[in-house]
Every structure is written in structure tokens, then in C-alpha cells.
Amino acid sequence: MSHSVDASIKVLLLGDSGVGKSSLMLSFAMGSFDPDISSTIGIDFKVKTVEVVDSAGARRKVNLNLWDTAGQERFRTLTSSYYRGAHAVVLVYDVNEPQTFHGLQRWIEEADAFCRTDDEDDAVYLLIGNKIDKCGGEGSDSEASMAVPKEQAQQLAQKRRMLLAFTSAKTCAGIQQAFDELARSVYDKMRMKNNDRPSRLNFNKSRDDQNHGMCC
């Protein structure tokens, strides 16, 4: 691991096709938006370094290794192997399309089977309601225009122990804050697991490898 980075975290982006997973990743990692971007075929991968303040007040540099998975049904078996070892799962739906919110259930169940098998070492989940630009952007007016009520998302997030954010890949609204919070939450979780002993955590290994001994 580079000495300039304190941790490397594997993050999976899940959700139905067309909810904007690829655009979210592109907007976050590259700071750009492509209105003509095509649906992911199989797996796409990008790395983004963020700086977070951990629970002890220290600034940490964290690499987020972002895995964008195909949402189409025919690619489901292709993506299943990529769940293992994930430190975080981002579940994305389109706030303007209720069926994509309801479709989250199967993604949650599938992710749980690989990423939340142990209460002591489960992955951090982030629920993202994307495309808020299509209902007026941020604020109370846009929330009232959402086809999926904000309260519904809040209830799901609370029930399934998920962070929650509302974003726009087109305008970048809410994206940086959402991933910063995700990175901080994962870093703090792993730091607590290691009894606050190391100042640097080796997250290059998968969670499965870490269960056999954390390398610090």
C-alpha cells in the first residue's frame, strides 16, 4: 500500500439498470457527466481518493475502489462473485421511478448473503436516491416532486441500517458528501474492530482475508 494512503476500501454500486450508477461513479471519480453514457456491460472499475476526518478527529486519506455492476438480469450471475470482500455497498434507485426503489429488495437480499453474514464484520450500506435534478434539484420543493417519497427511503434506510443520500450525477449535488460519509463510516468501523491500535489499516485485502488476521 502507498504510504500516502491510510486505507483502501472496496465499494460495490448496485441497483436496477438505468438508475444512474455509471453516471454517479463517473461524476464522483472524474467530475464529469456524459448524458449519452451506455449501461454497464459486466463490471466497470474506478479509484477515487478522498480525505476524511475519523472519529478521533484525525485526517485520513482513503482510496475508494468503486465497482459498478451491471443492472440487467442477464448479468446477475456475472456480478455475484464480486460481492465477496466488499467493505461497502451502495444501493442506487431513481427517485422518479418507483419500480427501481421496489427493485432494491432483491439487491439487498443478494448483498446481505455475501456482505452481511457476520454482525461483527458486516459491510456498510449506503442508500442513494439519484436523479434529483429531474424533480427540481435540492430542497423541499424537489422532495415534494419525488415519485418515491423521501419518507419511504428514510424508513428503508433505518430498517436496514443504511446511510442515506439524495444525489444528482448531472449536477454533482450530494455526491461528494455521500461518499465522504461512506468512507468515514467504513474507516471508523475497521478502526474500532482493531481496537484503535494501528494508525494505518491495511484494507487492500478483502474482508474474507481480514477475518483470518488483519495486517497492519
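The values are calculated or read from the model by the stated rules, or taken from the named source; none is laboratory data. What you see is a predicted model, and the numbers here were worked out from it, not measured in a lab. Cβ placement follows ideal geometry from the backbone for every residue including glycine, while neighbour counts extend to all protein chains displayed.
The listed residues are R106, R116, and the only one of them that is more than 17 Å from V11 (Cα to Cα), modelled with pLDDT of 70 or more and not β-branched (V, I, T) turns out to be R106. On the stretch given as region 144-157, residues that are more than 15 Å from I128 (Cβ to Cβ) and within 16 Å of the chain's Cα centre (by Cα) total 0. Tell me which of these N130 doesn't satisfy, since it passes every other one: (1) buried (at least 18 other Cβ atoms within 10 Å of the Cβ); (2) at pLDDT below 90. So the condition that N130 fails would be (2).
Listed by position, the helices (runs of 4 or more DSSP H) enclosed by region 133-206 that each have at least 3 residues that are at pLDDT 95 or above are 150-159, 175-193.
Only residues that are within 19 Å of the chain's Cα centre (by Cα), at pLDDT 75 or above and assigned to a loop (DSSP other than H, G, I, E, B) were counted across region 32-78, and they come to 1. Looking only at residues in region 1-31 that are part of a helix (DSSP H, G or I) and over 15 Å from Q176 (Cβ atoms), which one is modelled with the highest pLDDT? That would be K21.
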